[in-house]
1. When you scan the stretch 90-117, how many residues do you find that are within 28 Å of the chain's Cα centre (by Cα), within 19 Å of His161 (Cα to Cα) and either modelled with pLDDT of 95 or more or assigned to a helix (DSSP H, G or I) (or both)?
2. If I filter the stretch 192-207 for residues that are of a type outside the set (Asp, Glu), modelled with pLDDT of 95 or more, within 21 Å of Asn330 (Cβ to Cβ) and buried (at least 23 other Cβ atoms within 10 Å of the Cβ), do I get at least one hit?
3. Do we find that Glu25 is modelled with pLDDT under 85 and in a helix (DSSP H, G or I) in this structure?
4. How about the stretch 118-214: which helices (runs of 4 or more DSSP H) wholly inside it have at least 2 residues that are closer than 18 Å to Phe239 by Cα?
5. What are the residues in the stretch 376-393 that are free of Cβ contacts under 8 Å to residues at least 40 places away in the same chain and touching a Phe, Trp or Tyr at 6+ places or on another chain (Cβ under 7 Å), if any?
6. Just checking, which of Val293, Val409 is in a helix (DSSP H, G or I), modelled with pLDDT of 95 or more and over 22 Å from Ile464 (Cβ atoms)?
7. Which residues, taken from the stretch 218-236, are part of a loop (DSSP other than H, G, I, E, B) and either farther than 17 Å from Arg310 by Cα or without any contact (Cβ under 8 Å) to a residue 24 or more places away in the chain (or both)?
8. Going by the structure shown, is Glu449 assigned to a helix (DSSP H, G or I), in contact (Cβ under 8 Å) with a residue 40 or more places away in the chain and either in the same structural domain as Gly88 (by TED's automatic domain parsing) or surrounded by fewer than 18 Cβ atoms within 10 Å (Cβ to Cβ) (or both)?
Amino acid sequence: MKQVNITDEERAKALSPTKKPEVMEKQKLNVRYHVENYNTADRPRRFLEAFAVILKYSNYRFALEHFIRMSAKCARCTVQCPISQVSGDMRDIPCYRSELLLSVYRRHFTIGGLWKGRLLGKDYLTDEKIEEMADAFWNCTACKRCTIECPSGIDHGLIAHLGRYILSEIGIAPRALVVSVREQLEGKTGNTSAIPVPALIDTLEFLEEDMKEAKGIDIKFPLDVEGCDFVFFPAVSDFLMEAETLMGIAAVFTATGGSWTTGTGYFDGINYGLFYSDRMLERIVKKVHAEAVRLKGKSILIGECGHASRSAKYFVPTYCGGESALPVYNIMEYTYRVFKEGRLKLDPNVVTEPVAYHDPCNIARQGWIIDQPREILKAFCKNYVEMEPKGADNICCGGGGGTVSIDEVRPYRTSIAGKVKAEQIRSTGCKYLVAPCANCKKQLRELVEDQKVDCEVVGLHDLIYKAIIFDNTANNKQSAK
């Protein structure tokens with residue numbers, strides 16, 4: 001393959017001496033990656049053992065064998081990485097980060113590396129390198145924008161994911177993610193926000209009363225209804241923090257007569273396993289599918305959440321029976337369908353402020369959902385403005401890959417990881433920034449606050465709720481159900 005190089009100016013910038021803001025060094029004093037107690041002197045052996053087991057029982061070896069044969073040092077990926085552009089640190093260059101793990105694989109899991117190591121007696125894995133990998137892999141937001149530019153086709157996001165997976169197997173992972181997943185899989189409430197079922201029911205009843213007062217009609221959140229077209233799984237945090245989004249979704253189903261329900265057996269679409277552990281990813285995906293099967297639903301519907309949508313869309317078939325598994329949809333796909341069918345009517349005179357749309361990486365990078373929400377917004381938002389770049393080339397919010405859940409790194413997320421995004425938002429002059437993803441909403445709200453950008457971050461269905469026009473026929477059909 002022909003080698004493609006970045007310009008001398010780009011290379012000089014990428015490889016310049018570290019000039020990270022002081023906040024980066026302070027961050028390291030506060031973040032606790034270690035979630036288990038053990039002898040750190042034994043970590044290299046444990047890391048290699050975990051790596052070996054993962055290679056044995058997965059197909060990562062195939063990808064790594066390909067990657068180690070390609071050039072991973074040209075640094076062209078730097079021009080696409082919003083983090084390395086701001087930090088100026090070589091350790092934030094995606095190919096540098098990937099080489100940390102690839103060098104371990106090359107040295108300890110290939111015949112040539114094993115023989116070279118025995119003959120020369122060097123390049124053994126050390127505890128210091130493990131620490132470097134932990135920092136490097138968790139500074140990455142896993143947006144995969146770097147894959148757009150890599151001339152060798154190396155998936156740096158996949159390598160960072162694998163590195164996190166290995167580290168988690170030896171007890172190195174952010175506490176925030178591990179604690180949430182333990183509650184989700186082993187806790188009394190069975191969800192990442194620790195919401196008990198009675199609290200869920202009270203919350204939904206309160207929202208129903210609010211909508212009745214605001215819209216003058218009955219809008220319901222069906223619970224445990226069997227045989228519906230859709231079994232709905234939002235990011236469970238929406239029940240606490242995104243009332244407008246949930247009310248907008250309920251309003252769309254009421255206005256269009258859609259058949260949907262939420263199960264009280266399990267109601268959390270969040271899957272932090274996607275960020276740090278394939279074992280957790282599989283267990284959570286199976287819980288989602290099992291609840292939909294319990295309710296005899298025809299399909300799985302994920303709310304406004306990028307990583308929850310991607311986890312279910314791509315891994316329900318993997319872990320739950322392939323073609324026999326229930327199909328998975330994102331709520332925007334349903335809303336777009338009924339909009340195109342003429343069943344969803346929106347008042348174009350309600351939202352007059354400038355509106356921009358942010359593409360969540362997990363649903364846009366592969367080209368899954370890009371134009372649909374834009375078409376809806378343009379139909380009723382008179383002053384829609386576009387951000388560039390957009391779609392599959394979008395800029396990450398700065399809190400992807402699970403980093404938004406780690407409150408200790410907020411200064412890093414808003415001053416470094418999200419700085420390019422903040423300037424992109426500012427340039428649009430928008431007053432409403434639509435971000436149809438629970439993680440993106442949290443990160444972007446903190447970002448615009450810290451970077452002093454004058455706009456309000458909302459979900460797509462927040463604005464739809466403001467502008468929706470109810471058809472009595474559809475409303476009566478839904479009420480009869």
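The values are calculated or read from the model by the stated rules, or taken from the named source; none is laboratory data. Being a predicted model, the structure only gives us computed values, none of them experimental. No Cβ is skipped: glycine too gets one built from the backbone with ideal geometry, and neighbour counts run over all protein chains shown.
1. So the count comes out to 14.
2. Looking through the stretch 192-207, at least one residue is of a type outside the set (Asp, Glu), modelled with pLDDT of 95 or more, within 21 Å of Asn330 (Cβ to Cβ) and buried (at least 23 other Cβ atoms within 10 Å of the Cβ).
3. It is true that Glu25 is modelled with pLDDT under 85 and in a helix (DSSP H, G or I).
4. Helices (runs of 4 or more DSSP H) meeting the threshold: 175-186.
5. The answer is Lys378, and nothing else.
6. From the options Val293, Val409, the qualifying one is Val293.
7. Asp218, Ile219, Lys220, Phe221, Pro222, Asp224, Val225, Glu226, Gly227, Cys228, Asp229 - these are the residues of the stretch 218-236 that are part of a loop (DSSP other than H, G, I, E, B) and either farther than 17 Å from Arg310 by Cα or without any contact (Cβ under 8 Å) to a residue 24 or more places away in the chain (or both).
8. Answer is no for this residue.
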